[in-house]
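Okay, so here's the structure we're looking at.
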Amino acid sequence: MNIAILSRNRNLYSTRRLVEAAQQKGHEVQVIDVLRCYMNITSMRPSIHYRGQELNGFDAVIPRIGSSVTFYGTAVVRQFEMMGVYPLNESVAITRSRDKLRSMQLLARKGIGLPVTGYAHNPDDIDDLIKEVGGAPLVIKLLEGTQGIGVVLAETTKAAESVIQAFMGLKANIMVQEFIKESGGADMRCLVIGEKVVAAMKRQGPEGEFRSNLHRGGTASLIRLTPEERSTAVRAAKIMGLNVCGVDILRSNHGPVVMEVNSSPGLEGIEKATEKDIAGMIIDFTARRATETSGRSTRTTTRGKG
Ligand code: ADP
Ligand code: MG
């Protein structure tokens with residue numbers, strides 16, 4: 001099988017591991033920088049060009065789209081879809097999961113446990129919004145933040161008001177969320193492939209930090225998920241339409257709550273914590289699904305609707 005990995009940097013741990021796993025399993029693999037792709041959007045013969053050459057002959061594409069290049073990155077994935085190449089995660093699903101508010105709404109609609117979350121546009125509504133999510137302490141987050149940047153804990157109502165006003169003044173899109181204090185600065189990253197949680201780790205923020213992101217100095221350890229947590233992660237992945245993703249769950253007094261679903265989960269933390277060959281599992285899943293779908297669909301795919 002001929003696999004394209006969309007990644008801006010071939011030296012990143014996750015990219016290197018996927019390349020290694022693909023080669024080990026006898027596949028052809030090429031790392032492609034999405035920002036160097038350019039496209040011819042025609043209905044007859046859609047194509048992608050890369051550093052002066054037309055890209056041809058790929059059976060599957062594994063998108064690893066960084067959050068700073070979501071717009072262009074998903075356009076490239078969409079173009080691969082138009083060409084009939086199997087995408088491990090579809091472009092629409094990636095776009096969906098990048099917007100935290102949109103994700104929360106989709107998950108809420110299907111009854112997934114979530115922190116109480118509010119959203120408002122007008123500064124006049126701030127007081128009421130704070131009351132609506134249960135008052136301080138509360139968490140304020142940028143809709144498109146990542147790696148813990150853009151997530152703020154406001155301990156008092158006054159602090160919450162001024163932070164929300166500041167973000168609104170900057171025209172930043174934010175949401176306001178119940179603070180799950182009982183999780184103690186820890187969350188669980190569940191790595192989902194297909195309909196299974198193949199690995200899970202607990203991430204604990206350093207002393208005095210409520211954010212557990214590894215990029216913010218958090219540490220990873222093994223954890224055993226409850227059946228409810230496991231099924232919550234699988235359902236969340238399915239609702240988002242992602243075949244491979246990291247579902248982040250907090251243990252709250254009202255059961256497991258999903259915080260976010262990440263469409264390009266980092267592999268380093270979870271492979272090291274669990275000593276599992278996650279990259280190998282991703283490649284096997286990709287190859288299997290690409291083979292199955294190539295039997296069924298041609299260029300007139302129904303993928304990527306909306
Ligand atoms: P990012 O996309 O930047 O990782 P998250 O929404 O995942 O943003 O938040 C970052 C971290 O902050 C989480 O991993 C979690 O540890 C903590 N956190 C986020 N929201 C809450 C919340 N409502 N209650 C408690 N902790 C939270
Ligand atoms: Mg996160």
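Throughout, read-outs are computed from the coordinates displayed, never taken from laboratory work. Keep in mind that this is a model prediction, so the values were computed, not measured. So basically every Cβ, Gly included, is an ideal-geometry build from the backbone, and we count neighbours across all protein chains shown.
Tabulated values for the structure
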| quantity | calculated |
| --- | --- |
| Relative contact order %, the chain, counting alpha carbon pairs below 8 Å whose residues are six or more apart | 19 |
| Nearest-0.05 FRET efficiency for residue 147 and residue 108, computed from C-beta distance (R0 22 Å) | 0.35 |
| Residues 276, 110, sorted so that the one with the fewest Cβ neighbours within 10 Å comes first | 110, 276 |
| Nearest 10 degrees, 0 to 90: helix 100-109 Cα axis against the chain principal axis | 90 |
| Distant-in-sequence amide H partners of residue 49 (H built 1.01 Å from N, under 5 Å) | 38, 39, 40, 55 |
| Span from the the stretch 207-224 Cα centroid across to the the stretch 159-173 one, whole angstrom | 27 |
| Pairwise FRET efficiency - residue 72 versus residue 43, Cβ, R0 = 35 Å, nearest 0.05 | 0.95 |
| Under 5 Å, built H, 5+ apart or other chain: amide partners of residue 199 | 191 |
| Angle between the chain longest axis and helix 278-296 axis [Cα atoms, degrees, rounded to 10] | 60 |
| For 44, 188, order by how many other beta-carbon atoms lie within 10 Å, fewest first | 44, 188 |
| Estimated translational D of the stretch 46-191 in µm²/s (Stokes, Kirkwood radius over Cα pairs; 37 °C; 0.692 mPa s) | 186 |
| Compactness of the chain - radius of gyration and Dmax, Cα, Å | 20.1, 60 |
| Karplus 3J(HN,Hα) series, Hz, for the stretch 158-174 with 6.51 cos²θ - 1.76 cosθ + 1.60 (x for Gly, Pro) | 4, 4, 4, 4, 6, 5, 4, 4, 5, 4, 5, x, 8, 6, 7, 7, 10 |
| Listed residues 216, 45, 189, most fluctuating in the chain (Gaussian network, C-alpha, under 10 Å) | 45 |
| Exposure proxy ranking, count of Cβ atoms within 10 Å, fewest first, for 167, 58 | 167, 58 |
| 0 to 90° range, to nearest 10: angle between helix 227-240 axis and the chain longest Cα axis | 60 |
| Alpha-carbon centroids, the stretch 8-66 and the stretch 94-139: separation in whole Å | 35 |
| Amide hydrogen neighbours beyond the local backbone of residue 259, cut-off 5 Å, H modeled | 248, 249, 250 |
| Listed residue pairs exceeding 21 Å between alpha carbons, taken from 238/276; 100/238; 196/276; 131/202; 110/131 | 238/276; 131/202; 110/131 |
| GNM top mover of 20, 292, 209 - the chain, alpha-carbon springs below 10 Å | 292 |
